[in-house]
Amino acid sequence: TGRTPLLSVRGVKTFYGNIIALKGVDLDVNEGEIVTLIGANGAGKSTLMMTIFGNPRAREGSITYAGRDITRMPTHEIARLNLAQSPEGRRIFPRMTVYENLQMGAAVNGGAHFAQDLERVCALFPRLKERLHQRGGTMSGGEQQMLAIARALMSRPRLLLLDEPSLGLAPLVVKQIFSVIKDLNERDGMTVFLVEQNAYHALKLAHRGYVMVTGTITMSGTGRQLLDDPSVKAAYLEGG
Ligand code: ATP
């Protein structure tokens, strides 16, 4: 299309010690898209997400975001570039209240729109609104996942990176979270890069998807194409 992708990953190799986890990954996320990355346990999905944030760092290849080469940028500087992450395992601040967690999210953009953004995430996640003064660590797993996403949203990201938002959640909560992601994309034009093991939901939601197998992208296409692909069906959608 001639557009420059918002996020562009080229030939990225990442190692843990001597062990190669990403073997030369190429992937693009265009502005306004929902792109999903699916793959089995240990394929390297989280490693790619973390490499985008510079920890661990790519040993080879390049990562460009909004026209800037971020391959060698320190993580705290990357976090200021208007991309937000809701990492796997919902790393919220357990001793802080829900409200304080949301303040931390807003601090990244200076907190100027705090009241407005708080209202918005409370509308998206009414459960959080009821529990603003509860400590994060005492929230249920699903509530903590909502909080992690809400906190990421408070920073008004141009690109939202989500690592397995459905992990360990009840089907109803998964549905809610995916519908929130869809809304944010359609109404606010937020670009989303979603890593998921829940391939069926992710591919239904996404405009485009990539399949990762042991550190390599093996397939890409529209969400629909991947959902209909026999090998994707056999490997990732059986019983789903
Ligand atoms: P899952 O869906 O299970 O989270 P994933 O696709 O996100 O899997 P990664 O967590 O990226 O996979 O792991 C990719 C590979 O790198 C795995 O073989 C894993 O054991 C290895 N790995 C991940 N983190 C480390 C680490 N800190 N030290 C050594 N090896 C690691």
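The values are calculated or read from the model by the stated rules, or taken from the named source; none is laboratory data. Owing to the predicted nature of the structure, the values given are computational and were not obtained by experimental measurement. Don't worry about glycine lacking a Cβ; one is built from the backbone with ideal geometry, like all the others, and counts go over all protein chains shown. Ligands, DNA and RNA are stripped out before the accessible areas are found, and what is left, the full protein with its side chains, is counted by its heavy atoms. Shrake-Rupley method; radii C 1.70, N 1.55, O 1.52, S 1.80 Å.
The residues of region 71-86 that are surrounded by fewer than 18 Cβ atoms within 10 Å (Cβ to Cβ) and outside any helix (DSSP H, G or I), listed by number, are 72, 74, 79, 80, 81, 82. The requirement of being within 15 Å of the ligand (Cβ to nearest atom), at pLDDT 95 or above and farther than 24 Å from residue 91 by Cα is fulfilled somewhere in region 27-37, by at least one residue. From the list 37, 27, the lone residue that is in contact (Cβ under 8 Å) with a residue 40 or more places away in the chain and either in contact with a Lys or Arg (Cβ under 8 Å, 6 or more places away or on another chain) or farther than 24 Å from residue 229 by Cα (or both) is 37.
When residue 45 is tested against the conditions (1) of a type outside the set (A, V, I, L, M, F, W, C); (2) touching a residue at least 40 places away in the same chain (Cβ under 8 Å); (3) away from the ligand (no atom under 16 Å from the Cβ); (4) open to solvent by less than 30 Å² (accessible area, probe 1.4 Å), the lone failure is (3).
Looking at residue 127, is it charged (D, E, K, R) and at negative phi? So residue 127 passes the test.
Quick check: anything in region 11-21 farther than 30 Å from residue 180 by Cα and away from the ligand (no atom under 16 Å from the Cβ)? Spell out how you get there, then give the answer.
Restricting attention to region 11-21, the residues satisfying the condition of being farther than 30 Å from residue 180 by Cα are 11-21.
Subset that is away from the ligand (no atom under 16 Å from the Cβ): 11.
Yes; the residues of region 11-21 include at least one that is farther than 30 Å from residue 180 by Cα and away from the ligand (no atom under 16 Å from the Cβ).
Scoring residue 121 on the criteria (1) closer than 26 Å to residue 196 by Cα; (2) open to solvent by less than 70 Å² (accessible area, probe 1.4 Å); (3) in contact (Cβ under 8 Å) with a residue 40 or more places away in the chain leaves a single failure, condition (3).
Testing residue 188 on (1) more than 16 Å from the chain's Cα centre (by Cα); (2) at pLDDT below 90; (3) over 22 Å from residue 66 (Cα atoms), one condition comes back false. Which one is that? Result: residue 188 fails condition (3) only. With respect to (1) open to solvent by 10 Å² or more (accessible area, probe 1.4 Å); (2) more than 16 Å from the ligand (Cβ to nearest atom); (3) touching a residue at least 60 places away in the same chain (Cβ under 8 Å), the lone exception for residue 64 is condition (3).
Looking at 153, 205, 167, 184, which one is closer than 22 Å to residue 45 by Cβ, within 16 Å of the ligand (Cβ to nearest atom) and open to solvent by less than 70 Å² (accessible area, probe 1.4 Å)? Can you show your working first?
Details: 153 fails: within 16 Å of the ligand (Cβ to nearest atom); 205 fails: within 16 Å of the ligand (Cβ to nearest atom); 184 fails: within 16 Å of the ligand (Cβ to nearest atom).
Result: 167 is the single residue among 153, 205, 167, 184 that is closer than 22 Å to residue 45 by Cβ, within 16 Å of the ligand (Cβ to nearest atom) and open to solvent by less than 70 Å² (accessible area, probe 1.4 Å).
To keep it simple, each residue is scored yes or no on (1) of a type in the set (Asp, Glu); (2) over 26 Å from residue 184 (Cα atoms); (3) out of contact with any Leu (no Cβ under 7 Å at 6 or more places or on another chain).
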site	(1), (2), (3)
4	no, no, yes
9	no, no, no
13	no, yes, no
18	no, yes, yes
23	no, yes, yes
31	yes, no, no
42	no, yes, yes
55	no, yes, yes
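Please state which one of 161, 194 is touching a residue at least 40 places away in the same chain (Cβ under 8 Å), within 20 Å of residue 51 (Cα to Cα) and in contact with a Phe, Trp or Tyr (Cβ under 6 Å, 6 or more places away or on another chain).
Values: 194 fails: in contact with a Phe, Trp or Tyr (Cβ under 6 Å, 6 or more places away or on another chain).
After ruling out the rest, the residue left standing is 161.
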